[in-house]
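Read-outs: derived from the displayed coordinates by stated rules, not from any lab. Everything numeric in this text was worked out from a predicted model, so none of it was measured. In this analysis, Cβ positions are derived from the backbone assuming ideal geometry, glycine residues included, and neighbour counts consider all displayed protein chains.
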Amino acid sequence: LKNASPEDVEYYNCQQELTDDLHKQYQIVERIIAHSNQKSAAGYPDYYCKWQGLPYSECSWEDGALIAKKFQARIDEYFSRNQSKTTPFKDCKVLKQRPRFVALKKQPSYIGGHESLELRDYQLNGLNWLAHSWCKGNSCILADEMGLGKTIQTISFLNYLFHEHQLYGPFLLVVPLSTLTSWQREIQTWAPQMNAVVYLGDITSRNMIRTHEWMHPQTKRLKFNILLTTYEILLKDK
């Protein structure tokens with residue numbers, strides 16, 4: 001960089017900072033997807049970790065004591081998902097007969113409650129319209145200008161089905177790749193009780209998702225409430 005211009009040096013430094021930030025992400029456990037049957041002398045099993053920003057094909061087994069020290073919340077979430085009673089089942093009553101529609105006069109506490117997030121009036125109206133259409137058995141399209149929160153309204157509707165009617169899925173969300181990360185983030189924010197699995201990556205990653213995130217090996221019941229993927233992946237695995 002001795003002969004580089006100040007602009008080139010600044011560009012290089014910015015790129016290096018971005019690379020360093022990206023590498024730091026790779027040290028953060030996003031999800032735990034399995035644990036070993038045997039425990040160490042310290043009393044911890046090893047955990048199979050999915051790292052933030054990396055595909056499932058890069059999952060690795062890590063020492064349980066170390067993961068418990070740095071990422072206990074991810075361990076709690078993993079066992080909570082495995083023991084959850086709110087997973088899809090075929091005998092859900094509303095699948096046989098749609099319930100009568102009752103309008104939501106105000107935002108339910110389960111929608112964004114942990115963050116005290118509030119739907120705008122028109123978003124609550126949109127949620128009621130989606131719920132009314134579903135109760136009537138009508139297909140519908142939520143079409144609006146960009147930036148008015150169609151993503152949040154859709155997630156809130158799934159959250160409504162989850163809590164009001166005990167319809168735990170499975171819900172398939174097919175979105176453009178460019179918006180997938182945003183959808184994942186909004187689901188975690190507005191519907192944290194729902195287990196959303198991002199189905200993406202090469203064949204190795206997708207096989208790993210189907211092996212570890214798809215269903216309980218004993219009961220064969222689905223683990224997830226929401227499957228988030230793209231149109232291209234849907235065509236590959238149809």
Original post:
Among the lysines, which have Cα under 28 Å from the Cα of residue 90 when same-chain residues fewer than 8 positions away are ignored?
Top reply: 136, 220, 223, 236, 238
**OP:** Set Lys and Arg Cβ to +1 and Asp and Glu Cβ to -1, take the dipole of the chain about its Cα centre, and tell me which of 80, 203, 169 lies farthest positive.
**Re:** 169
Original post:
If you add up the charges near residue 151, with Lys and Arg at +1 and Asp and Glu at -1, over every other residue whose beta carbon is less than 15 angstrom from its beta carbon, what do you get?
Top reply: 0
**OP:** Counting other beta carbons within 10 Å of each Cβ, put 190, 183 in order, fewest first.
**Re:** 183, 190
**OP:** May I ask you to list the GluC sites (Glu not before Pro) in the range 131-238 that are in a DSSP loop and have at most 14 other Cβ atoms within 10 Å of their Cβ?
**Re:** 145
**OP:** Would you look at the GNM of the chain, springs on alpha carbons closer than 10 Å, and say which of 41, 65, 73 moves the most?
**Re:** 41
**OP:** Note down the magnitude of the dipole of the chain about its Cα centre, charges +1 on Lys and Arg C-beta and -1 on Asp and Glu C-beta and zero elsewhere, to the nearest 20 debye.
**Re:** 1600
Original post:
With a 10 Å Cβ neighbour count serving as the proxy for reagent exposure, in which order, fewest first, do 139, 5 appear?
Top reply: 139, 5
Original post:
Computed from the mean reciprocal separation of all distinct C-alpha pairs, what Kirkwood hydrodynamic radius does the range 180-238 have, in Å?
Top reply: 12.3
**OP:** Calculate one ³J(HN,Hα) per residue across the range 67-82 by plugging θ = phi - 60° into the Karplus curve 6.51 cos²θ - 1.76 cosθ + 1.60, and present them in order as whole Hz with x for glycine and proline.
**Re:** 5, 5, 6, 9, 9, 4, 4, 5, 5, 4, 5, 4, 5, 5, 5, 5
Original post:
Short version: ³J(HN,Hα) in whole Hz for each residue of the range 55-66, in order, from phi by Karplus 6.51 cos²θ - 1.76 cosθ + 1.60 (θ = phi - 60°), x for Gly and Pro, what are they?
Top reply: x, 4, 5, 9, 4, 9, 7, 10, 4, x, 5, 5
Original post:
Over the alpha carbons of the range 24-109, what is the largest minus smallest coordinate on each principal axis, giving the biggest first in Å?
Top reply: 55, 30, 26
Subject >> Cα gyration tensor, the range 78-143 - rounded (a/c under 1.5), prolate or oblate >> reply: oblate
Subject >> 10 Å binning of all Cα-Cα separations within the chain, expressed as whole percents from 0 upward >> reply: 6, 25, 31, 22, 11, 4, 1, 0
